[in-house]
1. Of the residues that make up region 9-17, is at least one hydroxyl-bearing (Ser, Thr, Tyr), surrounded by 15 or more Cβ atoms within 10 Å (Cβ to Cβ), part of a loop (DSSP other than H, G, I, E, B) and at pLDDT 95 or above?
2. How many residues are of a type outside the set (Lys, Arg) and surrounded by fewer than 17 Cβ atoms within 10 Å (Cβ to Cβ) if we restrict to region 105-121?
3. Return the residues of region 96-123 that are at pLDDT 95 or above, of a type in the set (A, V, I, L, M), out of contact with any Lys or Arg (no Cβ under 9 Å at 6 or more places or on another chain) and more than 12 Å from MET67 (Cα to Cα); say none if nothing qualifies.
4. From the residues in region 83-107 that are touching a strand residue (DSSP E or B) at 6+ places or on another chain (Cβ under 9 Å) and of a type in the set (Lys, Arg), which one is farthest from ARG25 (Cα to Cα)?
5. Here are some residues: PHE73, PHE85. Which one is of a type in the set (Phe, Trp, Tyr) and over 13 Å from the mean Cα position of the chain (by Cα)?
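The values are calculated or read from the model by the stated rules, or taken from the named source; none is laboratory data. None of the values given here were measured: they were computed from a predicted structure. Please note: Cβ atoms are built from the backbone with ideal geometry, for glycine as well, and neighbour counts cover all protein chains shown.
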Amino acid sequence: MMKQEVLMYNLNTEKGRKIKMICIRMKIKIKEILPEQYLEPVGYLAGIEGIEPNGRIYEGTGFDEEMLLMKGFDQGTLDRFLREFSRNRIERVDLKAVLTPGNVRWSSLELYEEIKKEHEALH
C-alpha cells in the first residue's frame with residue numbers, strides 16, 4: 001500500500017498546526033508545499049515513483065486558500081482523518097482532494113483550479 005501523506009497548502013497557521021497534530025497521531029507523513037513548487041506535478045511532490053520533476057519554478061502569487069491533497073488514504077483513513085477535524089474543533093478545509101491516477105501529473109495550480117470549480121459547483 002502507498003505510504004499515507006498529506007500535502008498542505010497555505011496552512012502555516014494555528015489551524016495547520018492542529019492538522020499536523022492529527023497527522024502525527026495517525027502516523028501520516030506531512031509535506032508543506034511552497035508557492036515556488038506550484039508548477040511541479042503533484043505526484044512528484046507526493047513522492048510517486050516514475051513522476052519526474054519538471055524543474056520549473058513558479059514566480060506568481062499563486063492562491064491564498066487552504067488546500068489539502070491526501071495520498072494513500074483508503075476510505076476508512078479518510079473518514080477518520082475528517083472526523084478528527086470535528087473532534088478537535090478544527091474548521092474544515094474546503095479545498096481538498098485525494099491523489100489519483102487522473103490528477104497525479106497535474107500541477108498544484110491545475111489541481112487548485114479543478115477543486116475550486118468542483119467546490120463552487122457543489123455549494
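1. Our first condition is that a residue be hydroxyl-bearing (Ser, Thr, Tyr); within region 9-17, this holds for 9, 13.
Adding the requirement that they be surrounded by 15 or more Cβ atoms within 10 Å (Cβ to Cβ) leaves 9.
Still in the running and part of a loop (DSSP other than H, G, I, E, B): none.
No, region 9-17 contains no residue that is hydroxyl-bearing (Ser, Thr, Tyr), surrounded by 15 or more Cβ atoms within 10 Å (Cβ to Cβ), part of a loop (DSSP other than H, G, I, E, B) and at pLDDT 95 or above.
2. Total meeting the criteria: 8.
3. Matches in region 96-123: VAL104 only.
4. Kept after step one, since they are touching a strand residue (DSSP E or B) at 6+ places or on another chain (Cβ under 9 Å), are these residues of region 83-107: 93-99, 103-107.
Next, from what is left, pick out any that are of a type in the set (Lys, Arg): 96, 105.
Details: LYS96: 20, ARG105: 29 Å.
Selected residue: ARG105.
5. Of PHE73, PHE85, the one residue that is of a type in the set (Phe, Trp, Tyr) and over 13 Å from the mean Cα position of the chain (by Cα) is PHE85.
Listed here are the residues, each with its yes/no results for (1) touching a residue at least 60 places away in the same chain (Cβ under 8 Å); (2) under 27 Å from LEU122 (Cβ atoms); (3) of a type in the set (Asp, Glu).
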{"residue": "ILE22", "(1), (2), (3)": "yes, yes, no"}
{"residue": "ILE28", "(1), (2), (3)": "no, yes, no"}
{"residue": "LEU34", "(1), (2), (3)": "no, no, no"}
{"residue": "GLU59", "(1), (2), (3)": "no, no, yes"}
{"residue": "ARG80", "(1), (2), (3)": "no, yes, no"}
{"residue": "VAL98", "(1), (2), (3)": "no, yes, no"}
